[in-house]
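Only one structure is covered here, and it is reproduced in the block below.
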Amino acid sequence: MREQGAEIVDISLPHTKYALPVYYIVAPAEASSNLARYDGVRYGRRAEHSADVTELYERSRAEGFGPEVRRRVLIGTYVLSAGYYDAYYVRAQKVRTLIARDFAQAFERCDAVLTPATPGPAFTLGEKTADPVSMYLNDVFTVTANLAGLPAISVPAGLSGEELPLGLQVIGKAFDEETVLRVGRAIERGAGFCVKPAPWWRLS
């Protein structure tokens with residue numbers, strides 16, 4: 001980036017350390033609220049051979065959602081329930097506001113923010129399904145842009161020691177996708193990353 005004329009500055013985003021727990025309160029709560037209307041009657045998957053409307057609702061919702069979606073709906077329902085709404089959801093929304101404010105202050109000094117995309121290379125398919133928390137931890141760098149409502153892109157930037165691709169994330173100001181794309185292109189050009197993984201159907 002320096003070779004292409006960028007000036008690198010250090011910034012502080014002190015509240016982003018709370019982004020992961022905040023995201024996994026806010027996102028499941030919103031998913032639970034939105035999917036509460038899903039009944040398999042007006043739209044979506046409809047279970048067959050149900051004895052009555054109650055069984056139709058129960059089976060449609062169970063058959064229509066995979067284990068991960070069900071887990072998130074349950075988490076969301078829990079944090080929105082009476083007695084926990086203020087303790088979890090309202091507090092998470094307040095921290096979300098602080099995260100957005102951190103970015104607004106950072107963008108007074110810079111045009112884009114560069115972070116890792118993930119803590120390490122991609123894990124194999126199904127590797128972390130038995131441990132959802134371990135899987136969620138891989139979102140630590142990307143959920144901040146979602147919470148702050150900012151455009152972001154992940155671009156390839158090199159290979160790990162195990163020859164797995166690594167990415168960098170570019171986060172931009174609200175509605176400034178143009179700068180995000182220009183910075184992403186500059187990283188790709190500067191890194192010269194042109195390695196393509198082997199097609200999965202040819203892997204031994």
Residue within the range 119-140 that is in contact (Cβ under 8 Å) with a residue 12 or more places away in the chain, small (Gly, Ala, Ser) and touching a Gly at 6+ places or on another chain (Cβ under 6 Å) present: no
Odd one out for residue 108 among (1) at pLDDT below 90; (2) out of contact with any strand residue (DSSP E or B) (no Cβ under 8 Å at 6 or more places or on another chain); (3) within 30 Å of residue 182 (Cα to Cα); (4) assigned to a loop (DSSP other than H, G, I, E, B): (1)
Single condition residue 143 does not satisfy, out of (1) in contact with a strand residue (DSSP E or B) (Cβ under 9 Å, 6 or more places away or on another chain); (2) surrounded by 18 or more Cβ atoms within 10 Å (Cβ to Cβ): (1)
Any hit, the range 130-142, residues being part of a strand (DSSP E or B) and within 23 Å of residue 17 (Cβ to Cβ): no
Residue that is nearest to residue 10 (Cα to Cα), among those in the range 143-163 that are of a type outside the set (A, V, I, L, M, F, W, C) and part of a loop (DSSP other than H, G, I, E, B): 151
Filter pass, residue 29 being at pLDDT 85 or above, under 30 Å from residue 185 (Cα atoms), outside any loop (DSSP other than H, G, I, E, B) and of a type in the set (A, V, I, L, M): no
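The values are calculated or read from the model by the stated rules, or taken from the named source; none is laboratory data. Here the structure is a predicted model, which means the values were calculated and not measured. Don't worry about glycine lacking a Cβ; one is built from the backbone with ideal geometry, like all the others, and counts go over all protein chains shown.
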